[in-house]
Amino acid sequence: MRKANAAAHKATAATGTLVASYNVHKCIGVDRKFDPERTSRVIREIDPDVIALQEADNRFGDRDGLLDLPRLERETGLVPVPISATGKGHGWHGNVLLFKRGVVRDVHQIRLPGLEPRGAVVAEIDLDGNRTLRVIAAHLGLLRHSRSQQARVVLDIMSSADEKPTLLLGDLNEWRLGNRSALNTLHATFGPQPPAVPTFPSNLPLLALDRIMTNRHGMIAAVEAHDTPLSRVASDHLPLTAFVRLDHMVSADHTTISRA
């Protein structure tokens, strides 16, 4: 029997900063209806502190953004991490990273290798005035070889001498586990992770395509799919959520402010 749970996060004993990843499938639901308002309602259901969206822009042309971000901010307090202008799109290659409170210290847009146009947004966010979390929001490719290349780019991001507490979240498009997984190279940096949670397809989730990972042991807890009647129809992916425990992060001081 599926979990019929309209507020899954309220029932867990875990506490901390609620983060989420959601492939919104260009706001087209499993009923084939284009409904950005329905997508926004799912985000309001989750009520995250930080959320990474994938496929929030049109794939071609001007890559127009599909959500009403000013309205979403009024209703949830979520604001997009600022990026350089990309036409009429919300984000970078369909990736939009939103946060509810804190200060953005640094932002980078990373073009990922592969046959498809893929990218990642890397942001350092001071969540509580004391601790800065690096967030990598990514959407990896459909081809295994491309995913392997893209995973190595993520490792390059992590290879700086000043290794920060880092959260990797997004649609990583990998359902294989163990040595057959294109994400296997990430284990050296991210270490053992909580069990992968199936999120695709949303009406009968079998594949764990969406992931939330961290390079600090014990920093994330209660990784689960946001499985509600609305989320099952709004996209072909269920949102994935987790709690970040800020007390497991190392404090860091930064002086470059890109957004207050």
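Data for the structure
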{"read-out": "Inter-site label distance for D128 and L143 at 7 Å from Cα along Cβ, in nm", "value": "4.4"}
{"read-out": "Neighbourhood net charge (9 Å Cβ-Cβ; Lys/Arg +1, Asp/Glu -1) for G141", "value": "+2"}
{"read-out": "FRET efficiency, 1/(1 + (r/R0)^6) with R0 25 Å, evaluated for R176 and E116 via beta carbons", "value": "0.85"}
{"read-out": "Approximate spin-label separation R32-D156, in nm, with each point projected 7 Å along Cα-to-Cβ", "value": "4.1"}
{"read-out": "Residue-by-residue Karplus 3J(HN,Hα) for segment 97-103, coefficients 6.51, -1.76, 1.60, Hz, glycine and proline x", "value": "10, 10, 9, 9, 8, x, 10"}
{"read-out": "Integer Hz, Karplus 6.51/-1.76/1.60 couplings in order for segment 134-142, x for Gly and Pro", "value": "8, 10, 10, 9, 9, 9, 7, x, 7"}
{"read-out": "Segment A188-L246, extension gain: residue separation times 0.36 nm, minus the distance between their alpha carbons", "value": "18.7 nm"}
{"read-out": "Highest-first arrangement of 98-107, 24-33, where packing means the average Cβ count within 10 Å", "value": "98-107, 24-33"}
{"read-out": "Segment 93-223: relative contact order as a whole-number percent, Cα under 8 Å and 6+ apart", "value": "19"}
{"read-out": "Other-chain or far-sequence residues with amide H under 5 Å of S202's (modelled H)", "value": "H237, L238"}
{"read-out": "Derived scalar couplings ³J(HN,Hα) [segment 191-197; Karplus, 6.51 cos²θ - 1.76 cosθ + 1.60; whole Hz; x for Gly, Pro]", "value": "x, x, 10, x, x, 5, 10"}
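All of the numbers you see were taken from the coordinates with simple rules; none came from a lab. Fair warning: this is a prediction, and the values are worked out from it, not measured in the lab. Reconstructed Cβ throughout: ideal geometry from the backbone, glycine too, with neighbour counts over all protein chains shown.
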